[in-house]
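Before any comments, here is the structure.
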Amino acid sequence: MTTLHILSTSPFADQRLASCLRLLSPGDGLLLCGDAVYALNPDCAPRQALELMPEQIALYALQEDLDARGLHDWPARLQVVDYPAFVALTLDYARSNSWL
Amino acid sequence: MQFVIALFAASHQPSARRALRFAEAALAGGHQINRLFFYQDAVSIANNSQVQAQDEFDLPAAWREFIERHQLDAVVCIAAALRRGLLDSQEAQRYGRPAATLASGYCLSGLGQLHEAAQQADRLVCFGGD
């Protein structure tokens, strides 16, 4: 069963991203929203970890949160989504897991 | 498809707004929202005594309007609500408090309502955090 993991806290504030990376299975997706998009900052360890994820794990980020933080240098594998696409993603995966 | 949306964050936190945008997009996409469940600090969204500064976005008002317009089932966890001073008229009377603080459109009920709705819907999506 595939899972869409939804992260919203900064990787520089807690260990949720690190824990999530250990749990991701092939076929799963990871959606970054809110402060979690700071993981995409160029030249930082969280970004490197995201770029090294297996290819079968899809990486998404919410457009408005990238825009709000001025992040425009994205990894090639990143798929940027708006809210309608966010809704569609929750249906593409069998379940979603929000890292509250 | 049928969605249940659970909120965990207070009205001033970004995820409370993100949940509203998601809910709007779900309905706009032709899906149904079987139930909204407000848990933990998210019960503050249903508090009719909160007053926002005039130059700030009034998220509780936006949620109220959204729930009313689409006639959604909006359930607030009663245990989380009571300990945060959120009472309907029945609870205010029961505990001898001077006013009901639950906004119209919401109802107080138990966590079982989240479980039941999650079993019946196609997807449960939770919103909390920053």
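Overview of results
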{"item": "Counted residues, the range A:18-38 - those being surrounded by 13 or more Cβ atoms within 10 Å (Cβ to Cβ) and without any contact (Cβ under 8 Å) to a residue 60 or more places away in the chain", "result": "12"}
{"item": "Residue match in the range A:10-18 (condition: within 12 Å of chain B (Cβ to nearest Cβ), of a type outside the set (A, V, I, L, M) and assigned to a strand (DSSP E or B))", "result": "no"}
{"item": "Spans of helices (runs of 4 or more DSSP H) in the range A:25-100 with at least 2 residues closer than 17 Å to B:ALA19 by Cβ", "result": "A:63-68, A:83-92"}
{"item": "Any hit, the range B:96-117, residues being in a loop (DSSP other than H, G, I, E, B) and among the charged types (D, E, K, R)", "result": "yes"}
{"item": "Selection status of B:LEU114, within 14 Å of chain A (Cβ to nearest Cβ) and either closer than 21 Å to B:ILE33 by Cα or hydrophobic (A, V, I, L, M, F, W, C) (or both)", "result": "yes"}
{"item": "The range B:62-73 residues that are under 14 Å from B:ASN47 (Cβ atoms) and in contact (Cβ under 8 Å) with a residue 60 or more places away in the chain, paired with ones that are open to solvent by less than 70 Å² (accessible area, probe 1.4 Å) and of a type in the set (A, V, I, L, M, F, W, C) (beta carbon under 7 Å, 6 or more apart)", "result": "none"}
{"item": "Number of positions in the range A:58-93 that are open to solvent by less than 80 Å² (accessible area, probe 1.4 Å) and touching a Pro at 6+ places or on another chain (Cβ under 8 Å)", "result": "1"}
{"item": "In the range B:12-47, residue surrounded by the fewest Cβ atoms within 10 Å (Cβ to Cβ) [restricted to those that are more than 14 Å from the chain's Cα centre (by Cα) and part of a loop (DSSP other than H, G, I, E, B)]", "result": "B:GLY30"}
{"item": "Any hit, the range A:42-64, residues being within 9 Å of another protein chain (Cβ to nearest Cβ) and either touching a strand residue (DSSP E or B) at 6+ places or on another chain (Cβ under 6 Å) or at pLDDT 95 or above (or both)", "result": "yes"}
{"item": "Test result for B:ILE45, more than 17 Å from B:ALA81 (Cα to Cα) and among the aliphatic types (A, V, I, L, M)", "result": "no"}
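So that you can scan it fast, the table gives a plain yes or no per residue for (1) of a type in the set (A, V, I, L, M, F, W, C); (2) in contact with a helix residue (DSSP H, G or I) (Cβ under 7 Å, 6 or more places away or on another chain); (3) under 26 Å from B:PHE3 (Cα atoms); (4) crowded, with 17+ Cβ neighbours inside 10 Å:
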position	(1), (2), (3), (4)
B:SER49	no, no, no, no
B:ASP55	no, no, no, no
B:HIS70	no, yes, yes, no
B:ALA74	yes, yes, yes, yes
B:CYS77	yes, yes, yes, yes
B:GLU91	no, yes, no, yes
B:GLY96	no, no, no, no
B:SER104	no, no, yes, no
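The values are calculated or read from the model by the stated rules, or taken from the named source; none is laboratory data. No experiment lies behind these values; they were computed from the predicted model shown. In this analysis, Cβ positions are derived from the backbone assuming ideal geometry, glycine residues included, and neighbour counts consider all displayed protein chains. Remember, those area values only see protein heavy atoms, side chains included, never the ligands or the DNA or RNA. Shrake-Rupley method; radii C 1.70, N 1.55, O 1.52, S 1.80 Å.
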